[in-house]
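To start, the structure under review is shown below, and the notes come after it.
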2 protein chains.
Amino acid sequence: MNIPRVNNLKRVVIIGAGFAGLQVAKKLRRDKFQVVLIDKNNYHTFQPLLYQVATAGLEPDSIAHSIRNIIKKTKNFFFRLAIVHYINTKKQKIYTNIGNLSYDYLIMATGSVTNYFGNKNIESFALPMKSIPEALNLRSLILQDFESALLTKDEKKKMRLMTFVIVGGGPTGVELAGALAEMKKYVLPHDYPDLDIQHMNIHLLQATSRLLDGMSKKSAKQAYKNLKELGVIIWLNSLVKDYNGEIVFMEKNQKIESSNVIWAAGVKGAIINGFLKEDIKGNRILVDNNLKTIRYKNIFAIGDVAFMNKNKHYPNGHPMTAQPAIQQGNYLAKNLNCFLDNNIEMKPFIYKNLGSMATIGRNKAVCDFPYLKLKGFLAWIVWMFVHLISLVGFRNRVIALTNWIIQYFHYHKSVRLIIRPFHRKKII
Amino acid sequence: MNIPRVNNLKRVVIIGAGFAGLQVAKKLRRDKFQVVLIDKNNYHTFQPLLYQVATAGLEPDSIAHSIRNIIKKTKNFFFRLAIVHYINTKKQKIYTNIGNLSYDYLIMATGSVTNYFGNKNIESFALPMKSIPEALNLRSLILQDFESALLTKDEKKKMRLMTFVIVGGGPTGVELAGALAEMKKYVLPHDYPDLDIQHMNIHLLQATSRLLDGMSKKSAKQAYKNLKELGVIIWLNSLVKDYNGEIVFMEKNQKIESSNVIWAAGVKGAIINGFLKEDIKGNRILVDNNLKTIRYKNIFAIGDVAFMNKNKHYPNGHPMTAQPAIQQGNYLAKNLNCFLDNNIEMKPFIYKNLGSMATIGRNKAVCDFPYLKLKGFLAWIVWMFVHLISLVGFRNRVIALTNWIIQYFHYHKSVRLIIRPFHRKKII
């Protein structure tokens with residue numbers, strides 16, 4: 001990879017520039033370490049707003065930021081655009097598509113991937129929304145569907161094209177359903193006057209008995225109410241069994257005909273080959289309460305991919321969201337900076353839940369904070385504010401805010417552009 | 001195409017939603033005509049700013065605008081996303097990938113495509129910049145090249161990766177060369193500290209004896225001077241003969257080793273099958289001074305694809321730029337609206353040259369107006385102002401302006417994102 005060893009500095013290799021990886025990369029002291037950050041993209045993705053890219057509200061540049069631009073302090077810092085194939089824990093080496101690299105410390109911050117729970121049909125035909133190219137594909141598909149619906153005289157096909165099924169009632173599913181419902185209300189009738197947009201249906205399918213499982217019951221109810229008002233058809237206790245590209249099959253023999261199934265039903269840790277099975281739990285890497293892997297002293301895992309063993313408060317692992325990732329990145333950087341050399345015992349990582357929130361649409365959101373629950377306009381303002389300040393870089397904030405302000409007053413999504421058409425898989 | 005005939009209205013089919021097609025579509029009276037606009041994209045592209053998309057200055061959404069959003073007055077207007085394969089002038093029908101459609105009047109506004117002058121090697125290995133996907137490919141390639149240059153220990157390969165050859169010294173070539181030179185100066189040294197950016201070379205090759213052939217000598221000289229100051233290597237009287245993906249061969253046995261050749265050396269009319277050879281000149285459709293084709297009373301051609309026969313002032317055809325296209329679209333709409341039904345003889349189209357301009361970089365541009373030539377900061381301000389007001393839609397103007405202001409003060413291009421990696425063709 002053409003990275004020289006410098007001044008006997010220990011080399012820390014971080015795999016993944018998501019919330020966790022970026023945080024630790026920014027905070028590690030580069031007078032103590034040579035830091036190598038590796039990611040398969042040259043940008044950091046602000047995943048919580050992917051749904052706005054998918055629904056033509058924002059362009060990628062607002063929610064992505066060049067990694068090289070984020071970490072400008074150049075001393076002893078190297079970024080490499082690479083895909084890591086394998087980790088040799090004995091040789092302390094990683095193997096990538098651009099060559100191999102030895103490490104003194106390795107930080108796994110590889111995040112998560114869409115979880116299809118082993119269903120190959122769903123994986124083939126449903127659309128994920130975990131990356132910017134996937135969100136852009138989804139945007140193209142939504143717009144292409146309406147173009148196709150215009151052309152067909154087959155009423156069944158037209159209905160399938162205009163039916164959207166979102167599987168998963170977590171924040172992603174709720175926000176996406178809300179955004180689609182607002183497109184139906186404000187945008188599509190003007191764009192497609194020769195199409196009866198009333199025929200567009202948006203289904204939100206949730207396996208459990210309530211939406212927003214991670215949030216309060218009150219917020220879940222509010223989200224349910226708001227989505228209903230926007231015309232979203234909500235199915236609770238409805239587990240999806242299969243999808244063949246045209247029909248969604250649910251557990252209780254229920255069916256929905258739809259060409260567009262968006263899979264927001266779950267994620268799983270993104271593991272790289274080289275770990276033992278015993279060290280992995282639920283596709284996440286087992287770590288102790290210092291985020292160190294069980295087996296290897298010099299390998300750590302943070303963010304979505306880390307599963308803290310025997311944690312009292314989070315026996316099923318920390319939530320796979322931005323907050324734990326950022327806090328873990330921060331914690332690990334501090335520890336590595338201060339303690340590692342001196343072998344002082346580290347304090348355990350404790351996750352501080354700062355709250356969670358979801359937006360449903362214009363003036364509609366829900367926020368759960370430790371001592372406060374908000375809904376409606378105020379929650380929506382808070383949601384926007386928190387997401388704006390969380391975006392990386394002054395420019396991204398300004399551009400996103402400008403887009404939101406214009407959309408608020410113009411009632412339309414601006415970037416309804418099919419830049420790269422999405423090619424649907426053929427149904428056999 | 002599922003478009004019903006209405007109320008005995010004559011149907012006008014417009015192929016192409018560039019400057020010309022969009023203008024005529026907007027201005028045609030829909031109480032007199034049913035208007036069908038066809039384009040292969042669902043957006044209009046503001047081509048003069050494509051080079052900023054390629055050089056990470058703007059995202060596509062600033063220079064593209066949803067066609068459905070532009071033409072909101074829905075009465076008797078239909079847009080179809082389609083590729084036209086063939087025109088049957090006898091049956092008065094067009095044949096597309098989504099079906100066929102009959103017309104009463106046909107307006108060819110198909111624009112132009114990159115002209116490789118028949119050289120298949122150049123077509124294979126050089127990169128065009130005529131569309132948004134092409135500009136995005138170019139952006140990805142530029143950024144990927146620097147990532148690759150970091151990795152190689154082969155000095156020759158590194159040089160090739162860091163050498164950019166722009167063929168064509170018209171406004172596109174000049175603006176692209178200037179933007180690349182500014183990336184070299186302000187952006188890349190910070191992004192790639194472990195790479196000696198001084199080794200980056202930007203060559204601008206022009207076949208004739210001066211840059212900006214369509215502009216005044218004074219402006220051409222100024223552009224030459226500015227580009228030189230920015231470190232661009234300018235080759236005049238240098239015709240490119242061939243390119244094999246690694247070496248550019250020029251007529252006088254000169255060579256430049258480069259992995260990146262950007263082809264801005266010419267365009268040619270985008271003809272659709274169905275016209276007779278005699279009706280085409282230099283790949284443009286021959287029209288009379290009313291923009292009507294020579295052979296068919298009910299077919300018109302406007303913009304880049306039209307060649308006005310025996311025109312005194314423009315014996316080689318009107319410039320293939322935005323201004324003639326807009327004026328012709330406007331003229332044709334007026335004529336069709338007023339005269340056609342009454343068979344009144346039309347006044348000939350006269351192109352009014354409003355001037356031309358090119359920007360070289362920060363505070364550097366040249367403008368030729370009929371009675372005024374500008375250079376430097378003032379020209380740059382005028383250039384920005386004209387381009388801003390020419391962008392379609394309030395939002396696009398605000399977003400582009402915001403980007404420009406931030407770039408002006410931050411000295412960096414914001415969207416250095418490789419969203420879809422570009423796959424270079426393999427050299428055999």
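The values are calculated or read from the model by the stated rules, or taken from the named source; none is laboratory data. Only a predicted model underlies this, so the values are computations on that prediction, with no experimental measurement involved. Using ideal geometry, Cβ is built from the backbone for each residue, glycine included, and neighbour counts are taken over all protein chains shown.
A few comments on the model shown:
- Residue match in the stretch B:358-371 (condition: within 30 Å of B:Ile71 (Cα to Cα) and at pLDDT 90 or above): yes
- Checking B:Ile122, B:Ile107, B:Ile142, B:Ile132 one by one, the residue that is modelled with pLDDT of 95 or more, of a type in the set (Val, Ile, Thr) and under 25 Å from B:Met200 (Cβ atoms) is B:Ile122 and no other.
- Given (1) touching a helix residue (DSSP H, G or I) at 6+ places or on another chain (Cβ under 7 Å); (2) closer than 18 Å to B:Phe117 by Cα, number of the condition B:Ile280 does not satisfy: (1)
- Residue in the stretch A:200-217 that is more than 12 Å from chain B (Cβ to nearest Cβ), within 21 Å of A:Arg416 (Cβ to Cβ) and surrounded by fewer than 21 Cβ atoms within 10 Å (Cβ to Cβ) present: yes
- Neighbours by Cβ (under 7 Å, 6+ apart or cross-chain): first from the stretch B:374-395, free of Cβ contacts under 8 Å to residues at least 60 places away in the same chain; second part of a helix (DSSP H, G or I): B:Leu374/B:Val382; B:Met384/B:Trp404; B:Leu388/B:Arg397; B:Leu388/B:Ala400; B:Leu388/B:Leu401; B:Arg395/A:Ile406
- Residues that are farther than 22 Å from A:Gly376 by Cβ and touching a strand residue (DSSP E or B) at 6+ places or on another chain (Cβ under 6 Å) within the stretch A:211-241 comprise A:Ile233, A:Trp235, A:Ser238, A:Val240, A:Lys241, listed in sequence order.
- B:His85 passes every criterion in (1) part of a strand (DSSP E or B); (2) within 14 Å of chain A (Cβ to nearest Cβ); (3) modelled with pLDDT of 95 or more apart from (2).
- Residue list for the stretch B:375-428, restricted to those being among the hydrophobic types (A, V, I, L, M, F, W, C) and in a loop (DSSP other than H, G, I, E, B): B:Leu391, B:Val392, B:Val415, B:Leu417, B:Ile418, B:Ile419, B:Phe422, B:Ile427, B:Ile428
- Unique residue being surrounded by fewer than 20 Cβ atoms within 10 Å (Cβ to Cβ) and among the aromatic types (Phe, Trp, Tyr) when the list is B:Phe300, B:Phe249, B:Phe307: B:Phe249
- Output for the stretch B:373-428, where each listed residue is surrounded by 14 or more Cβ atoms within 10 Å (Cβ to Cβ), under 28 Å from B:Asp191 (Cα atoms) and among the aromatic types (Phe, Trp, Tyr): B:Trp380, B:Trp404, B:Phe422
- Any chance A:Lys91 is in contact with a strand residue (DSSP E or B) (Cβ under 9 Å, 6 or more places away or on another chain) and part of a loop (DSSP other than H, G, I, E, B): yes
- Of all residues in the stretch B:405-424, exactly one satisfies the criterion of being more than 7 Å from every other protein chain (Cβ to nearest Cβ), under 22 Å from the mean Cα position of the chain (by Cα) and at pLDDT below 85, namely B:Lys413.
- Those residues of the stretch B:143-162 which are in contact (Cβ under 8 Å) with a residue 24 or more places away in the chain, of a type in the set (A, V, I, L, M, F, W, C) and either at the interface with chain A (Cβ under 9 Å from one of its Cβ atoms) or closer than 22 Å to A:Asn100 by Cβ (or both), in sequence order: B:Leu143, B:Phe146, B:Ala149, B:Leu150, B:Leu161
- Those residues of the stretch B:18-77 which are under 21 Å from the mean Cα position of the chain (by Cα), β-branched (Val, Ile, Thr) and either surrounded by fewer than 22 Cβ atoms within 10 Å (Cβ to Cβ) or farther than 30 Å from B:Leu127 by Cβ (or both), in sequence order: B:Val24, B:Ile70
- For the stretch A:136-189, the set of residues classified as among the aromatic types (Phe, Trp, Tyr) and farther than 30 Å from A:Pro319 by Cβ consists of A:Phe146, A:Tyr186, listed by residue number.
- Taken over the stretch A:181-236, the criterion of being touching a residue at least 24 places away in the same chain (Cβ under 8 Å), among the polar types (S, T, N, Q) and assigned to a helix (DSSP H, G or I) is satisfied by A:Ser219, A:Gln222, A:Asn226.
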